[in-house]
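Here the structure is laid out as C-alpha coordinates; the discussion comes afterwards.
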Amino acid sequence: MIDPIEGAVLLVGAGPGDLAEFDPARTTVVQGFRPAHDSALAQGFRVQTAVNGRADAAVVFLPRARAEARARVAAAAAALEEGAALWIDGQKTNGVDAMLRELRGLAPVDQVQSRAHGKIFRVTVPGGDWLPPDWKGAERTVDGGFVTAPGVFSADGPDPASVALAACLPDRLPTRMVDLGAGWGWLSAQVLKHPGVEVLHLVEADHAALDCAKANVTDPRAQFHWADATTFRLPEPVNGVVMNPPFHEGRAADPHLGARFIRAAAGLLTGAGRLWMVANRHLPYEAALSELFADVQEIGGDNRFKVITATGAGRPKRR
(Lines give C-alpha, C1' and ligand atoms only; values in the text may rest on other atoms or scores of the structure.)
Protein backbone atom coordinates (compact mmCIF):
# COMPACT_ATOMS: atom_id res chain seq x y z
CA MET A 1 0.00 0.00 0.00
CA ILE A 2 1.12 3.56 -0.68
CA ASP A 3 1.27 6.17 2.07
CA PRO A 4 -2.08 7.87 2.73
CA ILE A 5 -2.56 10.89 0.50
CA GLU A 6 -3.73 13.95 2.45
CA GLY A 7 -5.43 17.12 1.27
CA ALA A 8 -6.71 17.90 -2.21
CA VAL A 9 -5.81 15.11 -4.59
CA LEU A 10 -5.50 15.23 -8.38
CA LEU A 11 -5.93 12.00 -10.37
CA VAL A 12 -4.69 12.41 -13.95
CA GLY A 13 -5.94 9.81 -16.40
CA ALA A 14 -7.81 7.73 -13.82
CA GLY A 15 -10.22 5.16 -15.21
CA PRO A 16 -13.35 3.74 -13.53
CA GLY A 17 -11.33 1.02 -11.80
CA ASP A 18 -8.84 3.45 -10.26
CA LEU A 19 -11.14 5.43 -8.00
CA ALA A 20 -12.19 3.12 -5.18
CA GLU A 21 -9.50 4.23 -2.68
CA PHE A 22 -10.15 7.97 -3.07
CA ASP A 23 -12.56 10.35 -1.34
CA PRO A 24 -14.75 12.17 -3.90
CA ALA A 25 -15.05 15.16 -1.56
CA ARG A 26 -11.38 16.09 -1.97
CA THR A 27 -10.44 14.43 -5.25
CA THR A 28 -10.44 15.88 -8.76
CA VAL A 29 -10.24 13.49 -11.71
CA VAL A 30 -8.70 14.68 -14.99
CA GLN A 31 -10.16 12.53 -17.74
CA GLY A 32 -10.84 13.47 -21.37
CA PHE A 33 -12.29 10.15 -22.56
CA ARG A 34 -16.03 10.66 -22.40
CA PRO A 35 -17.18 7.28 -21.01
CA ALA A 36 -14.55 7.34 -18.22
CA HIS A 37 -15.28 11.03 -17.56
CA ASP A 38 -18.98 10.31 -17.12
CA SER A 39 -18.30 7.28 -14.93
CA ALA A 40 -16.20 9.35 -12.51
CA LEU A 41 -18.84 12.08 -12.48
CA ALA A 42 -21.53 9.52 -11.63
CA GLN A 43 -19.40 8.36 -8.67
CA GLY A 44 -19.45 11.88 -7.22
CA PHE A 45 -16.00 13.09 -8.26
CA ARG A 46 -15.23 16.53 -9.60
CA VAL A 47 -14.05 15.91 -13.17
CA GLN A 48 -12.04 18.08 -15.59
CA THR A 49 -10.83 17.43 -19.13
CA ALA A 50 -7.46 19.09 -18.39
CA VAL A 51 -5.53 20.05 -15.26
CA ASN A 52 -6.91 23.33 -13.93
CA GLY A 53 -5.99 24.62 -10.49
CA ARG A 54 -3.76 23.49 -7.62
CA ALA A 55 -3.58 20.33 -5.52
CA ASP A 56 -1.71 19.00 -2.49
CA ALA A 57 -0.79 15.69 -4.16
CA ALA A 58 -1.35 13.95 -7.46
CA VAL A 59 -1.45 10.50 -9.00
CA VAL A 60 -0.68 10.08 -12.70
CA PHE A 61 -1.95 6.95 -14.42
CA LEU A 62 0.29 6.30 -17.39
CA PRO A 63 -1.18 5.86 -20.88
CA ARG A 64 0.46 3.83 -23.61
CA ALA A 65 1.79 6.78 -25.66
CA ARG A 66 5.10 8.08 -24.30
CA ALA A 67 4.49 11.70 -25.32
CA GLU A 68 1.09 11.69 -23.63
CA ALA A 69 2.56 10.08 -20.49
CA ARG A 70 5.18 12.82 -20.23
CA ALA A 71 2.53 15.48 -20.82
CA ARG A 72 0.41 14.06 -17.98
CA VAL A 73 3.37 14.12 -15.62
CA ALA A 74 4.21 17.71 -16.57
CA ALA A 75 0.61 18.88 -16.15
CA ALA A 76 0.28 17.22 -12.75
CA ALA A 77 3.64 18.56 -11.54
CA ALA A 78 2.64 22.10 -12.54
CA ALA A 79 -0.34 21.88 -10.18
CA LEU A 80 1.80 20.96 -7.15
CA GLU A 81 3.97 22.91 -4.72
CA GLU A 82 7.62 22.13 -4.12
CA GLY A 83 7.90 19.10 -1.83
CA ALA A 84 4.51 17.66 -2.78
CA ALA A 85 4.03 13.99 -3.59
CA LEU A 86 3.56 13.06 -7.24
CA TRP A 87 2.70 9.36 -7.57
CA ILE A 88 3.18 7.54 -10.87
CA ASP A 89 1.10 4.40 -11.49
CA GLY A 90 1.62 2.39 -14.64
CA GLN A 91 1.75 -0.96 -16.36
CA LYS A 92 4.97 -2.43 -17.75
CA THR A 93 3.32 -2.46 -21.18
CA ASN A 94 2.71 1.29 -20.82
CA GLY A 95 6.37 2.09 -20.14
CA VAL A 96 6.38 2.51 -16.35
CA ASP A 97 9.96 1.19 -16.07
CA ALA A 98 11.24 3.72 -18.61
CA MET A 99 9.34 6.51 -16.82
CA LEU A 100 10.89 5.45 -13.50
CA ARG A 101 14.38 5.62 -14.99
CA GLU A 102 13.73 9.05 -16.50
CA LEU A 103 12.29 10.56 -13.34
CA ARG A 104 15.07 9.17 -11.15
CA GLY A 105 17.41 11.35 -13.16
CA LEU A 106 15.28 14.44 -12.55
CA ALA A 107 13.88 14.31 -9.00
CA PRO A 108 13.93 12.36 -5.71
CA VAL A 109 12.10 9.05 -6.16
CA ASP A 110 11.09 6.56 -3.45
CA GLN A 111 8.30 4.19 -2.41
CA VAL A 112 8.82 2.07 -5.53
CA GLN A 113 6.40 -0.85 -5.36
CA SER A 114 5.86 -3.59 -7.90
CA ARG A 115 2.35 -4.73 -8.68
CA ALA A 116 1.02 -7.62 -10.75
CA HIS A 117 1.79 -6.07 -14.12
CA GLY A 118 3.40 -2.77 -13.25
CA LYS A 119 4.72 -0.38 -10.62
CA ILE A 120 3.76 2.62 -8.53
CA PHE A 121 6.29 5.09 -7.15
CA ARG A 122 6.51 8.52 -5.54
CA VAL A 123 8.30 11.59 -6.85
CA THR A 124 8.95 14.47 -4.45
CA VAL A 125 8.45 17.59 -6.56
CA PRO A 126 11.61 19.75 -6.71
CA GLY A 127 11.58 23.51 -7.00
CA GLY A 128 12.03 25.37 -10.27
CA ASP A 129 11.65 24.07 -13.80
CA TRP A 130 12.79 20.53 -13.18
CA LEU A 131 11.16 18.79 -16.13
CA PRO A 132 12.47 19.12 -19.72
CA PRO A 133 10.47 21.71 -21.69
CA ASP A 134 9.37 19.19 -24.33
CA TRP A 135 7.43 17.19 -21.70
CA LYS A 136 4.62 19.75 -21.77
CA GLY A 137 3.10 18.08 -24.79
CA ALA A 138 2.54 20.93 -27.20
CA GLU A 139 0.38 20.44 -30.26
CA ARG A 140 2.19 19.61 -33.49
CA THR A 141 1.43 20.18 -37.15
CA VAL A 142 1.53 17.23 -39.55
CA ASP A 143 1.34 16.96 -43.35
CA GLY A 144 -1.50 18.99 -44.78
CA GLY A 145 -1.33 21.56 -42.00
CA PHE A 146 -3.40 19.51 -39.56
CA VAL A 147 -2.90 19.93 -35.81
CA THR A 148 -2.57 16.89 -33.54
CA ALA A 149 -1.81 16.42 -29.84
CA PRO A 150 0.15 13.84 -27.81
CA GLY A 151 -1.76 10.61 -27.31
CA VAL A 152 -4.47 11.13 -29.92
CA PHE A 153 -4.91 8.30 -32.38
CA SER A 154 -2.54 8.50 -35.37
CA ALA A 155 -0.89 11.67 -34.08
CA ASP A 156 1.90 11.52 -36.68
CA GLY A 157 -0.40 11.87 -39.69
CA PRO A 158 -3.53 10.48 -41.36
CA ASP A 159 -4.23 6.85 -40.54
CA PRO A 160 -3.68 4.66 -43.65
CA ALA A 161 -7.08 3.03 -43.15
CA SER A 162 -8.81 6.44 -43.26
CA VAL A 163 -6.85 7.28 -46.41
CA ALA A 164 -8.11 4.04 -47.98
CA LEU A 165 -11.68 4.88 -47.00
CA ALA A 166 -11.49 8.41 -48.36
CA ALA A 167 -10.26 7.06 -51.71
CA CYS A 168 -13.40 4.89 -52.03
CA LEU A 169 -16.01 7.55 -51.32
CA PRO A 170 -18.25 8.49 -54.25
CA ASP A 171 -17.91 11.92 -55.78
CA ARG A 172 -21.25 13.13 -54.40
CA LEU A 173 -22.18 12.39 -50.80
CA PRO A 174 -25.49 12.56 -48.88
CA THR A 175 -26.73 15.82 -47.42
CA ARG A 176 -26.69 14.86 -43.72
CA MET A 177 -23.53 13.04 -42.63
CA VAL A 178 -21.91 11.71 -39.45
CA ASP A 179 -18.26 10.84 -38.89
CA LEU A 180 -18.34 8.34 -36.00
CA GLY A 181 -15.06 8.41 -34.10
CA ALA A 182 -13.83 11.45 -35.99
CA GLY A 183 -10.46 11.72 -34.21
CA TRP A 184 -8.60 14.90 -35.08
CA GLY A 185 -10.70 15.47 -38.18
CA TRP A 186 -8.72 14.29 -41.21
CA LEU A 187 -11.48 12.11 -42.66
CA SER A 188 -14.13 14.76 -41.98
CA ALA A 189 -12.04 17.30 -43.87
CA GLN A 190 -12.03 14.94 -46.87
CA VAL A 191 -15.79 14.37 -46.65
CA LEU A 192 -16.44 18.12 -46.74
CA LYS A 193 -14.58 18.38 -50.05
CA HIS A 194 -17.35 16.38 -51.73
CA PRO A 195 -20.43 18.06 -53.22
CA GLY A 196 -23.79 17.36 -51.64
CA VAL A 197 -22.89 17.59 -47.94
CA GLU A 198 -24.97 20.15 -46.05
CA VAL A 199 -24.09 19.15 -42.49
CA LEU A 200 -21.45 16.87 -41.00
CA HIS A 201 -21.54 15.76 -37.36
CA LEU A 202 -18.09 14.92 -35.94
CA VAL A 203 -18.48 12.52 -33.01
CA GLU A 204 -15.41 11.81 -30.85
CA ALA A 205 -14.97 10.55 -27.27
CA ASP A 206 -11.40 11.85 -26.84
CA HIS A 207 -11.64 15.50 -25.78
CA ALA A 208 -8.09 16.32 -26.90
CA ALA A 209 -8.72 14.83 -30.35
CA LEU A 210 -11.97 16.76 -30.70
CA ASP A 211 -10.19 20.00 -29.79
CA CYS A 212 -7.76 19.27 -32.62
CA ALA A 213 -10.68 18.54 -34.96
CA LYS A 214 -12.19 21.93 -34.15
CA ALA A 215 -8.91 23.56 -35.20
CA ASN A 216 -8.61 21.41 -38.32
CA VAL A 217 -12.20 21.56 -39.60
CA THR A 218 -13.41 25.14 -39.66
CA ASP A 219 -16.12 24.61 -42.29
CA PRO A 220 -19.43 26.02 -40.95
CA ARG A 221 -21.21 22.82 -42.01
CA ALA A 222 -19.30 20.92 -39.29
CA GLN A 223 -20.92 20.26 -35.91
CA PHE A 224 -18.86 18.78 -33.07
CA HIS A 225 -19.99 16.31 -30.42
CA TRP A 226 -17.87 15.14 -27.48
CA ALA A 227 -19.62 11.82 -27.04
CA ASP A 228 -19.29 8.05 -26.94
CA ALA A 229 -19.78 7.06 -30.58
CA THR A 230 -21.24 3.69 -29.62
CA THR A 231 -24.24 5.31 -27.93
CA PHE A 232 -24.50 8.56 -29.93
CA ARG A 233 -27.91 9.57 -31.27
CA LEU A 234 -29.38 12.58 -33.05
CA PRO A 235 -32.96 13.91 -32.94
CA GLU A 236 -33.39 13.14 -36.64
CA PRO A 237 -31.80 10.38 -38.75
CA VAL A 238 -29.04 11.09 -41.24
CA ASN A 239 -28.46 9.65 -44.69
CA GLY A 240 -24.71 9.03 -44.55
CA VAL A 241 -22.17 7.74 -42.02
CA VAL A 242 -18.40 7.33 -42.42
CA MET A 243 -16.21 5.63 -39.85
CA ASN A 244 -12.86 4.06 -39.16
CA PRO A 245 -13.81 2.41 -35.87
CA PRO A 246 -11.19 1.56 -33.25
CA PHE A 247 -10.76 -2.09 -32.39
CA HIS A 248 -8.68 -1.85 -29.21
CA GLU A 249 -9.58 -1.17 -25.60
CA GLY A 250 -6.13 -0.19 -24.31
CA ARG A 251 -3.75 -2.80 -25.73
CA ALA A 252 -6.30 -5.62 -26.01
CA ALA A 253 -7.96 -6.23 -29.37
CA ASP A 254 -11.75 -6.10 -29.03
CA PRO A 255 -13.68 -6.71 -32.27
CA HIS A 256 -16.90 -6.18 -30.31
CA LEU A 257 -16.04 -2.48 -30.12
CA GLY A 258 -16.28 -2.16 -33.90
CA ALA A 259 -19.54 -4.09 -33.82
CA ARG A 260 -20.94 -1.51 -31.40
CA PHE A 261 -19.94 1.23 -33.86
CA ILE A 262 -21.81 -0.62 -36.61
CA ARG A 263 -24.92 -0.83 -34.43
CA ALA A 264 -24.66 2.90 -33.65
CA ALA A 265 -24.34 3.70 -37.36
CA ALA A 266 -27.43 1.64 -38.15
CA GLY A 267 -29.34 3.53 -35.45
CA LEU A 268 -28.39 6.89 -36.97
CA LEU A 269 -29.27 6.14 -40.59
CA THR A 270 -32.52 6.27 -42.52
CA GLY A 271 -33.46 3.07 -44.31
CA ALA A 272 -32.15 4.53 -47.55
CA GLY A 273 -29.04 5.97 -45.92
CA ARG A 274 -25.58 4.54 -46.49
CA LEU A 275 -22.63 3.58 -44.32
CA TRP A 276 -19.02 3.68 -45.51
CA MET A 277 -16.51 2.08 -43.17
CA VAL A 278 -12.96 0.73 -43.17
CA ALA A 279 -11.54 -2.04 -41.03
CA ASN A 280 -8.48 -4.24 -40.73
CA ARG A 281 -9.02 -7.15 -43.09
CA HIS A 282 -8.89 -9.83 -40.40
CA LEU A 283 -11.73 -8.34 -38.32
CA PRO A 284 -15.00 -10.30 -38.68
CA TYR A 285 -17.52 -7.48 -39.07
CA GLU A 286 -19.57 -8.96 -41.90
CA ALA A 287 -21.91 -10.86 -39.55
CA ALA A 288 -22.72 -7.72 -37.55
CA LEU A 289 -23.29 -5.77 -40.76
CA SER A 290 -25.60 -8.42 -42.21
CA GLU A 291 -27.66 -8.45 -39.03
CA LEU A 292 -28.33 -4.72 -39.31
CA PHE A 293 -28.26 -3.85 -43.04
CA ALA A 294 -30.04 -5.27 -46.08
CA ASP A 295 -27.14 -4.78 -48.49
CA VAL A 296 -23.43 -5.10 -47.61
CA GLN A 297 -20.61 -4.83 -50.15
CA GLU A 298 -16.83 -4.62 -50.06
CA ILE A 299 -15.80 -1.81 -52.40
CA GLY A 300 -12.06 -1.49 -51.88
CA GLY A 301 -8.99 -2.12 -49.80
CA ASP A 302 -5.82 -4.18 -49.91
CA ASN A 303 -4.17 -6.95 -47.91
CA ARG A 304 -4.34 -4.77 -44.76
CA PHE A 305 -7.73 -3.08 -44.96
CA LYS A 306 -11.21 -3.60 -46.38
CA VAL A 307 -13.58 -0.77 -47.28
CA ILE A 308 -17.24 -1.70 -46.91
CA THR A 309 -20.47 0.05 -47.75
CA ALA A 310 -23.90 -0.91 -46.41
CA THR A 311 -27.44 0.32 -46.83
CA GLY A 312 -30.93 -0.71 -45.75
CA ALA A 313 -30.45 -0.08 -42.03
CA GLY A 314 -33.13 -1.82 -39.99
CA ARG A 315 -33.84 -4.29 -42.81
CA PRO A 316 -31.31 -7.07 -42.16
CA LYS A 317 -30.24 -9.37 -44.93
CA ARG A 318 -32.39 -12.49 -45.15
CA ARG A 319 -30.44 -15.65 -44.54
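Given an 8 Å cut-off on Cα distances and at least 6 residues of separation, report the relative contact order of segment 56-170 as a percent.
Details: 173 pairs, mean separation 29.4, N = 115.
So the answer I get is 26 percent.
For segment 79-232, report the accessible area per residue in Å² (1.4 Å probe, heavy atoms, rounded to an integer). Don't skip to the answer; put the middle values down first.
On the way: 7000 Å² over 154 residues.
Ligands and nucleic acids excluded, the result is 45 Å² per residue.
Give me the percent relative contact order of segment 1-120, please, defined on Cα pairs under 8 angstrom at least 6 residues apart.
Reported relative contact order: 22 percent.
With springs only between Cα atoms under 10 Å, which of 101, 140, 64 fluctuates most in a Gaussian network model of the chain?
101
With the contact rule set at Cα under 8 Å and sequence spacing of 6 or more, what percent relative contact order holds for the chain? Can you show the working numbers first?
Numbers: 678 pairs, mean separation 36.6, N = 319.
Answer for the chain is 11 percent.
Quick check on segment 31-150: of the DSSP beta bridges with both residues there, what percent are antiparallel, nearest 5%? The partial results should precede the final answer.
Values: 14 of 19 bridges.
Bridges in segment 31-150 that DSSP calls antiparallel: roughly 75 percent.
Kirkwood Rh over alpha-carbon pairs of segment 84-179, then Stokes-Einstein at 25 °C and 0.890 mPa s: what D in µm² s⁻¹, rounded to an integer? Each step should come with its number before you reach the end.
Numbers: Rh = 17.3 Å.
Translational D for this selection: 142 µm²/s.
Using 0.36 nm per residue of separation minus the Cα-Cα distance, give me the extension gain between residue 260 and residue 295 in nm, one decimal. Spell out each step's value before the answer.
Values: separation 35, 0.36 × 35 = 12.60 nm, distance 1.85 nm.
Additional length available on full extension: 10.8 nm.
Please say if segment 1-134 is rounded, prolate or oblate, where rounded means a/c under 1.5 for a ≥ b ≥ c the square roots of the C-alpha gyration tensor eigenvalues, and otherwise the choice is prolate for a/b larger than b/c and oblate otherwise?
rounded
Would you mind telling me the antiparallel percentage of the DSSP bridges in the chain, rounded to 5?
Antiparallel bridges make up about 45 percent of those DSSP assigns within the chain.
Would you calculate the volume per residue, in Å³, of the smallest convex hull containing every Cα atom of segment 178-319?
Dividing the Cα hull volume of segment 178-319 by its residue count gives 113 Å³.
Helix 255-268 versus the longest principal axis of the chain: what is the Cα-based angle in degrees, 0 to 90, to the nearest 10?
Long axis of 255-268 versus the principal axis of the chain: about 50 degrees.
Taking the dipole about the Cα centre of the chain, with the C-beta of Lys and Arg at +1 and of Asp and Glu at -1, give me whichever of 48, 126, 242 is farthest to the positive side.
Sorting the options by dipole projection puts first 242.
In straight Cα distance, which lysines are under 25 Å from residue 119, not counting same-chain residues fewer than 8 positions off?
Result set, ordered by chain and number: 92, 136.
Enter the accessible area per residue of segment 1-44 (Å², integer; probe 1.4 Å; all protein chains in place).
Accessible area per residue: 49 Å².
In segment 216-238, whose amide N lies under 19 Å from the spot 7 Å out along Cα-to-Cβ of residue 198? List them in ranges.
Only 219-224, 234-238 pass the distance filter.
State the percentage of accessible surface on the chain attributable to carbon and sulfur atoms; use a 1.4 Å probe and exclude ligands, DNA and RNA.
The C+S portion of the solvent-accessible surface of the chain is 50 percent.
If R₀ is 51 angstrom, what is the calculated FRET efficiency for the pair residue 46 and residue 270, using the beta carbon separation as r and rounding to 0.05?
The calculated FRET efficiency here is 0.80.
How are the Cα pair distances of the chain distributed, in percent, across 10 Å bins from 0?
The percentages, shortest bin first, are 6, 25, 30, 21, 14, 5, 0.
When DSSP assigns beta bridges and you keep just the ones with both residues in segment 191-319, what percent turn out antiparallel, to the nearest 5?
60
Just report the Cα centroid separation between segment 59-76 and segment 132-207, whole Å.
Each part reduced to its Cα centre gives a spacing of 24 Å.
Which residue fluctuates most in the GNM of the chain (Cα springs below 10 Å): 191, 142, 60?
Looking only at 191, 142, 60, the largest GNM fluctuation is found for 142.
Lysines within cross-link reach of residue 306: Cα-Cα under 21 Å, excluding same-chain residues under 8 positions apart?
317
The values are calculated or read from the model by the stated rules, or taken from the named source; none is laboratory data. Only a predicted model underlies this, so the values are computations on that prediction, with no experimental measurement involved. As a convention, Cβ positions derive from the backbone with ideal geometry for all residues, glycine included, and neighbour counts pool all protein chains shown. Heavy atoms of the whole protein, side chains included, go into the accessibility calculation; ligands, DNA and RNA do not. Shrake-Rupley method; radii C 1.70, N 1.55, O 1.52, S 1.80 Å.
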